[in-house]
Amino acid sequence: MKFRAKMIDVGCLNHFSRVVNTISKLTKICILRLTPNNLYFVLSGKVASGGVGMWCELSQANFFDEYQLEGVAPDANEICLEVTPENLSRALRTSQNAKCVKIKLTKKHCPCLTFVAELPTLSSVSRVVTHDIPVDVIPRRLWHDFKEPRMPDFDVSIYLPPLKTMKNVVDRMKNLSNFLVMEANLNGEMNLKIETDLVSVTTHFKDLGNPPWGDDGSQGRSQSRDPEVMAHTRVDIRKLQQFLMGQQVNPSKAMCNIVHKRIIHLILLHEDVSLQYFIPAVA
């Protein structure tokens, strides 16, 4: 089992740092799944029992100049590691202006992801910063928990308004309530609502547009739906706020799928990165 990779391009390094920083804002611990073509950050929260879920997919060729992987077996050419994203983010922060960064799976006092950053210098003496980040190797028998989540059979899919605008609204609402109702229809309309004994507040968004999912089977319920009728889900406002606060991917597309009274499925797409986040309903 071997893994080593190298980043030279500063733009790629900074982009990778932003992605990891986003992940670190969403979860304290997650699974890093390494395959020959992709990297995945996975949080397989049991949405049915109230936990959030996350799936972030990166194409390795768009970030790394060198990338070598030998998985646990010839018929299972991948590696799954439990990591603390904040530790990865901290290592990358000290490497921001590096000439190159090497990442390697090593065995120190325990399995580690070792980050070696070669920093620029004015003298002939090289400056190298090394971070050994402890990880846990996930045995193959547990891998089934970390496969890509199935697209939920949603009632409504809608493009999100600018995430900064949405964050400002949710930040203000959080001062008034612990729960938020997110509702949308197939006419490109979305509302964010809170209701308490003392106050009722609704923010309306119009003309957002609805993604064309084509023949995707998950669209089944929405095809025959009245475009005016709202699908809604009530969620813990802190979980939505956490998602909006951590966002540094700067997506080209941001979407939300609503499974009526069950799940909010948020999707961010940016060229070589996709991030999915699942927030379960609360009663």
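The values are calculated or read from the model by the stated rules, or taken from the named source; none is laboratory data. Bear in mind the structure is a predicted one, so any value in this text is a computation, not a measurement. Here the Cβ positions follow ideal geometry from the backbone for every residue, glycine too, while neighbour counts run over all protein chains shown. When the accessible area is computed, the model is the full protein with side chains, heavy atoms only, and any ligands, DNA or RNA have been set aside. Shrake-Rupley method; radii C 1.70, N 1.55, O 1.52, S 1.80 Å.
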message: Consider segment 28-60. How many of its residues are modelled with pLDDT of 90 or more, of a type in the set (S, T, N, Q) and assigned to a loop (DSSP other than H, G, I, E, B)?
response: 2
query: If only one of LYS102, LYS164 is in contact with a strand residue (DSSP E or B) (Cβ under 8 Å, 6 or more places away or on another chain) and of a type in the set (Lys, Arg), which one is it?
result: LYS102
Counted residues, segment 165-189 - those being buried (at least 21 other Cβ atoms within 10 Å of the Cβ) and either assigned to a strand (DSSP E or B) or on the phi > 0 side of the Ramachandran plot (or both): 3
- prompt: How many residues, within segment 138-155, are over 21 Å from the mean Cα position of the chain (by Cα), part of a loop (DSSP other than H, G, I, E, B) and either of a type in the set (Ser, Thr, Tyr) or more than 26 Å from ILE267 (Cα to Cα) (or both)?
  reply: 1
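Condition check: open to solvent by 70 Å² or more (accessible area, probe 1.4 Å) and under 30 Å from ASP272 (Cα atoms). Does PRO162 satisfy that?
yes
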task: Could you tell me which of the residues ASP207, ASP153, ASP136, ASP132 is farther than 19 Å from ILE279 by Cβ and touching a Gly at 6+ places or on another chain (Cβ under 7 Å)?
output: ASP207
task: Please find, among ILE23, ILE29, ILE8, the residue that is surrounded by fewer than 17 Cβ atoms within 10 Å (Cβ to Cβ), under 17 Å from the mean Cα position of the chain (by Cα) and not charged (D, E, K, R).
output: ILE29
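Could you list, in sequence order, all residues of segment 226-243 that are open to solvent by 10 Å² or more (accessible area, probe 1.4 Å) and either of a type outside the set (S, T, N, Q) or on the phi > 0 side of the Ramachandran plot (or both)?
The answer is ASP226, PRO227, GLU228, VAL229, MET230, HIS232, ARG234, ASP236, ARG238, LYS239.
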task: Determine, yes or no, whether LEU192 is crowded, with 17+ Cβ neighbours inside 10 Å, part of a loop (DSSP other than H, G, I, E, B) and out of contact with any Phe, Trp or Tyr (no Cβ under 7 Å at 6 or more places or on another chain).
output: no
- line: Of those in segment 195-208 that are open to solvent by less than 60 Å² (accessible area, probe 1.4 Å) and modelled with pLDDT under 95, the residue nearest to ALA283 (Cα to Cα) is THR196
